[in-house]
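Report on the structure given below.
The values are calculated or read from the model by the stated rules, or taken from the named source; none is laboratory data. Fair warning: this is a prediction, and the values are worked out from it, not measured in the lab. Cβ placement follows ideal geometry from the backbone for every residue including glycine, while neighbour counts extend to all protein chains displayed. With ligands, DNA and RNA removed, areas are computed over all heavy atoms of the protein, side chains included. Shrake-Rupley method; radii C 1.70, N 1.55, O 1.52, S 1.80 Å.
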Amino acid sequence: MCKTCGCHGGKIEKLKLTVEGMSCNHCKMAVEKAVRALPGVMTAEIDLDAKTLTADYDPAKSTLDDVKRAIADAGYKAV
Ligand SMILES: [Cu+2]
């Protein structure tokens with residue numbers, strides 16, 4: 001069983017991405033909000049100093065490409 005949401009389906013995976021273009025706390029919030037809005041994303045956390053995003057997500061609901069696209073749509077670049 002999934003500890004995060006209590007559901008029985010899906011396998012939650014972790015992803016780590018470098019995000020370029022963030023310079024302040026507002027950028028951090030914007031990227032986190034965009035990624036969290038995706039279906040299947042449980043958590044999204046930005047480390048502004050390291051420029052990294054870590055997230056727990058269900059790859060059956062959103063793919064890595066979906067996450068990258070959401071970041072791009074918010075105005076930043078995932079590498
Ligand atoms: Cu900013």
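Computed quantities for the displayed model
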read-out	value
Unmet requirement for M22, which otherwise passes all of (1) open to solvent by 30 Å² or more (accessible area, probe 1.4 Å); (2) modelled with pLDDT of 95 or more	(1)
Neighbours by Cβ (under 9 Å, 6+ apart or cross-chain): first from segment 19-39, closer than 15 Å to K51 by Cα; second open to solvent by less than 20 Å² (accessible area, probe 1.4 Å) and near the ligand (Cβ under 7 Å from one of its atoms)	V19/C27; G21/C27; K28/M22; A30/M22; V31/M22
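Yes/no matrix, rows are residues, columns are (1) within 15 Å of the ligand (Cβ to nearest atom); (2) assigned to a helix (DSSP H, G or I); (3) over 16 Å from A70 (Cβ atoms):
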position: K14; (1), (2), (3): no, no, yes
position: H26; (1), (2), (3): yes, yes, yes
position: L38; (1), (2), (3): no, no, no
position: I46; (1), (2), (3): yes, no, no
position: D49; (1), (2), (3): yes, no, yes
position: T54; (1), (2), (3): no, no, no
